[in-house]
Amino acid sequence: MSPQMLSLLADATVQTLLMVVVAGVLATLAGVPLGLFLALSGAGDLLPRPGLQRAIGLIVNATRSTPFIILVVAIVPLTRLLTGTSIGTAAATVPLTLAAIPFIARVVESAVREVDHGLLDAARAMGAGPGQIVTKILLPEARAGIVRGLTLAAVNLVGYSAMVGAVGGGGLGDLGIRYGYQRFMPEMMLAVVLILIIVVQALQSGGEALARRLDKRNPGN
Amino acid sequence: MDPIVTGQDAPDAFMVRLAGITKIFHGKDGQTVAALAGIDLNILRGGITAIVGPSGAGKSSLLRAVNVLERPDTGTVNVGGRDLTSLDDESLRRARQSIGMIFQHFNLLANRTVAGNVALSLELAGWPTAKIGPRVAELLNLVGLTDKATHYPAALSGGQKQRVGIARALAPNPQLLLCDEATSALDPETTRQILALIRKINRELGLTVLLITHEMAVVREVADQVVVLEAGRIIEQGPVAQVFAHPQHQTTRCFLLGETGTELPPALAARLLTTPIADGATLIRLHAVGELAASPLLSDLGAAGIAARLIAGRVQPLGDRPFAGLIAALTGNVGAIDNAIHQLRARGAEIEVLGHVATDAVTAG
């Protein structure tokens, strides 16, 4: 493989990682509170707002059921408004973030709901307020599940980031399509796929190792 | 219903005063179930009071009404002189910090160490960090878990977990400890150890304890006062020795049978007659507490010319007094038997004449 090709690969890898990290961080900042809200706002929950919960749940489901490639095209006006363009890595980050928020919200919701209800009783009996219950009970007890969910979200983002390549988003997907597919360079395609596999593997094992370390529910951890 | 203790009716004598407590649950099919159907109950300060009853009697709802974890539909909950039902959320939260609670399934945080779990109640109560460490060490010493401070709950046995629960509940210096079936998930030996710890805390710290249980053994072992609950109502209450020796209500009697070892064997129950027969035996169930239980009851009967055969029975400690429960088959002169029963009752024994059987029913096998 020529030095130009290697430099293209390096640039594309950096772009992909940048998209995944930026979209991942932004989506976590929005998705964790949203997931907490979904978990705590049902009728009979800690902060019951069942009407709002249903409305947000509906939006979350709608976003998750929209095919990603359609979401990318559909929100082009928003992308232009935020980044001034609809092409390139920065622009691609907008639909990636938007797609990851509802996913993260749902995984956080399910991790929080899995916290033993008896702990809430104990916390309330000790005089804990809703804020303390969230910060001292729910988030610490759900942390392993949340980390596993975020790992899953990051892996999905790697896949989605390759897809935005198809619409001019840059990154490894873009490289694979333009060089590997359109210019018939199988070695380029192979290199792109290998790098993606390595990135996904690294995310998955890193996330799992962290989740295991945080999870004290089983003896020996 | 009379208060638990008469002659001690100064307001300070009671840690908890429940008045007119009702709680109704609405089922999905529109049915309503009264979990609590008008409870008036005063809990003696400094004592250990046990609320017993079959499952579904409303024990749990009653206990959770005391710290308003479940808000009653009507009635007032007064703890340590404050009406908790009238407090706003913030004041209620502060009031709960002076009411400790332990649970059947311990409810410890899996991701906090033993010391971290004990510290939690102090953090929630807003203790300064510098004071939390020493207080946690003090509590772990009290419950005998100093060497487990850095372990996680997953590495502990059930009894150890409950000790952590107790330490956590006691850390903010509560005046009242609520125990929600605290030993129901433990084996008998561990149950005894935990009950001994609760007794010790009650005696040494003067803490008022209110516990719910479905096991009469727990009541016998640890409680001073007992309240029997059925279908959301109090059907009987009083000092444990009194209720055990002289249960007034049929449900209480049934509940006590298994615990006192005075269940009539089925083979005998099948042959039971209501009228005396010639050369038959009279079956009695006898409960006695204290001096009477320790006295030579059987030889007293023998002296009256009555042969007493033991069918079932048990003598066990009730607090620090012996408590005897037995079923005996009495044979002899009918008049002498009546007379003996009369005399034993006069000495304080609780005697129930179960019926009569042919003599071979008690001598065979």
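For the reader, a short list of remarks on this structure follows.
- Pair list, Cβ < 6 Å and 6+ apart or interchain, from region B:120-146 residues that are more than 14 Å from chain A (Cβ to nearest Cβ) and under 18 Å from B:Ile194 (Cβ atoms) to residues that are assigned to a helix (DSSP H, G or I) and among the charged types (D, E, K, R): B:Val143/B:Arg163; B:Leu145/B:Arg163
- Test for A:Ala105: is it crowded, with 16+ Cβ neighbours inside 10 Å and modelled with pLDDT of 95 or more: yes
- Output for region B:294-316, where each listed residue is of a type outside the set (Gly, Ala, Ser), surrounded by fewer than 16 Cβ atoms within 10 Å (Cβ to Cβ) and without any contact (Cβ under 8 Å) to a residue 60 or more places away in the chain: B:Pro296, B:Leu298, B:Asp300, B:Arg309, B:Leu310, B:Arg314, B:Val315
- Residues of region B:70-119 classified as closer than 16 Å to A:Ala125 by Cα, at the interface with another protein chain (Cβ under 9 Å from one of its Cβ atoms) and out of contact with any strand residue (DSSP E or B) (no Cβ under 8 Å at 6 or more places or on another chain), total: 12
- Filtering region B:247-286 to residues that are of a type in the set (Val, Ile, Thr) and either surrounded by 15 or more Cβ atoms within 10 Å (Cβ to Cβ) or free of Cβ contacts under 8 Å to residues at least 12 places away in the same chain (or both) leaves B:Thr251, B:Thr252, B:Thr260, B:Thr262, B:Thr282, B:Ile284.
- The C-beta contact set for region A:58-78 (first residue without any contact (Cβ under 8 Å) to a residue 24 or more places away in the chain, second residue assigned to a helix (DSSP H, G or I), distance under 7 angstrom, 6+ apart or interchain) comprises A:Ile75/A:Val94; A:Ile75/A:Pro95; A:Ile75/A:Leu98; A:Leu78/A:Val94.
- The set of residues in region A:116-135 being outside any helix (DSSP H, G or I) and crowded, with 21+ Cβ neighbours inside 10 Å consists of A:Met126, A:Gly127, A:Ala128.
- Near pairs, Cβ below 9 angstrom, 6+ apart or cross-chain, from region B:168-187 (within 9 Å of chain A (Cβ to nearest Cβ)) to any residue that is part of a loop (DSSP other than H, G, I, E, B) and of a type in the set (Ser, Thr, Tyr): B:Pro172/B:Ser98
- Residue check for A:Ile137: farther than 28 Å from A:Thr66 by Cα and either within 14 Å of chain B (Cβ to nearest Cβ) or at pLDDT 95 or above (or both): yes
- Number of residues in region B:141-158 that are crowded, with 19+ Cβ neighbours inside 10 Å and closer than 24 Å to A:Asp215 by Cβ: the value is 5.
- Those residues of region B:154-179 which are more than 13 Å from B:Ile102 (Cα to Cα) and part of a loop (DSSP other than H, G, I, E, B), in sequence order: B:Leu156, B:Ser157, B:Pro172, B:Asn173, B:Gln175
- Scanning region A:110-121 for residues that are more than 14 Å from chain B (Cβ to nearest Cβ), charged (D, E, K, R), within 30 Å of B:Glu181 (Cβ to Cβ) and touching a residue at least 24 places away in the same chain (Cβ under 8 Å) turns up at least one hit.
- Qualifying residue in region A:142-156 (condition: away from chain B (no Cβ under 14 Å), surrounded by fewer than 21 Cβ atoms within 10 Å (Cβ to Cβ), touching a Phe, Trp or Tyr at 6+ places or on another chain (Cβ under 9 Å) and assigned to a helix (DSSP H, G or I)): yes
- Checking every residue in region B:261-282 against the condition of being among the polar types (S, T, N, Q) and within 28 Å of the chain's Cα centre (by Cα) gives at least one match.
- Qualifying residue in region B:152-165 (condition: within 30 Å of B:Gly81 (Cα to Cα), in contact (Cβ under 8 Å) with a residue 60 or more places away in the chain and away from every other protein chain (no Cβ under 11 Å)): yes
- Any hit, region A:77-84, residues being within 21 Å of A:Val192 (Cβ to Cβ) and modelled with pLDDT of 90 or more: no
- Qualifying residues in region A:165-221 (those that are in a helix (DSSP H, G or I) and among the acidic types (Asp, Glu)) - the one nearest to the other protein chains (Cβ to nearest Cβ): A:Glu208
- Every residue from region A:1-43 that is without any contact (Cβ under 8 Å) to a residue 12 or more places away in the chain and either within 19 Å of A:Arg106 (Cβ to Cβ) or hydrophobic (A, V, I, L, M, F, W, C) (or both): A:Leu6, A:Ala10, A:Val14, A:Val21, A:Val25, A:Leu29, A:Pro33, A:Gly42, A:Ala43
- When the criteria are applied in full, B:Ala217 fails the requirement of being closer than 30 Å to B:Gln193 by Cβ, in the same structural domain as B:Leu36 (by TED's automatic domain parsing) and either touching a Lys or Arg at 6+ places or on another chain (Cβ under 7 Å) or crowded, with 17+ Cβ neighbours inside 10 Å (or both).
- When the helices (runs of 4 or more DSSP H) confined to region B:45-139 are screened for residues that are at pLDDT below 95 and either in the same structural domain as B:Pro239 (by TED's automatic domain parsing) or surrounded by fewer than 24 Cβ atoms within 10 Å (Cβ to Cβ) (or both), those reaching at least 2 such residues are found at B:59-66, B:89-96.
- Filtered residue count, region B:318-342, keeping only those that are within 15 Å of B:Asp300 (Cβ to Cβ) and in contact (Cβ under 8 Å) with a residue 24 or more places away in the chain: 10
The values are calculated or read from the model by the stated rules, or taken from the named source; none is laboratory data. What you see is a predicted model; the values in this text were computed from it and never measured. Every residue, glycine as well, gets a Cβ built from its backbone with ideal geometry; the counts of neighbours run over all protein chains shown.
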